[in-house]
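Let me begin by presenting the structure, written as structure tokens, before commenting on it.
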Amino acid sequence: MTSYSREELFPVVDPDGNEISKAPRSLCHDGLSMLLHPVVHLHLLNGRGELYLQLRAKTKDLLPGYWDTSVGGHMDPGETPEEALRREALEELGLQDFTFRLIDKYIWKSIRERELVYSFTGSSESIPLIDHDEIDDGRFWPVQEIIENLGKNIFTPNFEFEFRKFFPESFCPQTP
């Protein structure tokens, strides 16, 4: 029998984002329960239109060593998407002063989990200071460099999906 008593609890939500229960992290990520849980993503742009990406730490349980959205993290029970975004941006990149707006929310399903993703875009005058417990590296990428590396197994599948969905079609060719 698995003991969940010391595990991080995630809110479990309906497709509209209403919290309906809580569940331990391992249950949400077990590939069987597919409990819908909310996460936030931030696409941080600089003044040159470059997109900041983080290199996921090799210690992560999901997709270690892949380049991903600027900020990404699970929401806590009772937390709003905006509160979670501010908390995660501070934890991962040391960002306190940044502007942001919600792009969209959607359901993402992988072989291990099902997430309700709140995707934001934003900007900041501050230089990101990565937390090496969360992220191995980070940098601003020119859009063209991202496009040239799509489909080459260096970005998370979720990032590639969001990049194609939310960035102008003229910059993002669709894959056949």
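Observations
- Taken residue by residue, region 47-54 has no member that is of a type in the set (S, T, N, Q) and more than 22 Å from residue 162 (Cα to Cα).
- Looking across region 51-60, the residues that are surrounded by 16 or more Cβ atoms within 10 Å (Cβ to Cβ) and either part of a loop (DSSP other than H, G, I, E, B) or among the aromatic types (Phe, Trp, Tyr) (or both) come down to 52, 57.
- Matching option when the condition is under 14 Å from the mean Cα position of the chain (by Cα), closer than 15 Å to residue 40 by Cβ and of a type outside the set (Ser, Thr, Tyr), among 79, 92: 92
- Being touching a Leu at 6+ places or on another chain (Cβ under 9 Å), more than 18 Å from residue 126 (Cβ to Cβ) and outside any loop (DSSP other than H, G, I, E, B) is a property that does not hold for residue 43.
- The test for being closer than 17 Å to residue 74 by Cα, surrounded by fewer than 14 Cβ atoms within 10 Å (Cβ to Cβ) and of a type in the set (A, V, I, L, M, F, W, C) holds for residue 107.
- Filtering region 23-40 to residues that are among the hydrophobic types (A, V, I, L, M, F, W, C) and part of a loop (DSSP other than H, G, I, E, B) leaves 32, 34, 35.
- Per-region count, region 114-135, residues modelled with pLDDT under 95 and charged (D, E, K, R): 4
- Yes/no for residue 76 being loosely packed, with under 13 Cβ neighbours inside 10 Å, among the acidic types (Asp, Glu) and either in contact with a Leu (Cβ under 6 Å, 6 or more places away or on another chain) or within 24 Å of residue 10 (Cβ to Cβ) (or both): no
- Of all residues in region 61-71, none satisfies being modelled with pLDDT under 95 and in a strand (DSSP E or B).
- Annotation: of all residues in region 1-50 being modelled with pLDDT under 95 and in contact with a helix residue (DSSP H, G or I) (Cβ under 6 Å, 6 or more places away or on another chain), the one that is surrounded by the fewest Cβ atoms within 10 Å (Cβ to Cβ) is 8.
- Residue identified as of a type in the set (Asp, Glu), farther than 20 Å from residue 167 by Cα and free of Cβ contacts under 8 Å to residues at least 40 places away in the same chain among 113, 125: 125
- Going through (1) on the phi < 0 side of the Ramachandran plot; (2) touching a residue at least 60 places away in the same chain (Cβ under 8 Å) one by one, residue 49 falls short only on (1).
- Positions within region 115-148 being in a loop (DSSP other than H, G, I, E, B) and over 16 Å from residue 41 (Cα atoms), in sequence order: 125, 126, 127, 129, 131, 132, 133, 142
- Single residue of region 82-113 satisfying the filter (among the hydroxyl-bearing types (Ser, Thr, Tyr) and closer than 18 Å to residue 158 by Cβ) that is modelled with the highest pLDDT: 106
The values are calculated or read from the model by the stated rules, or taken from the named source; none is laboratory data. These numbers come from a predicted model, not from an experiment. Cβ atoms come from the backbone with ideal geometry, glycine included; neighbour counts cover every protein chain shown.
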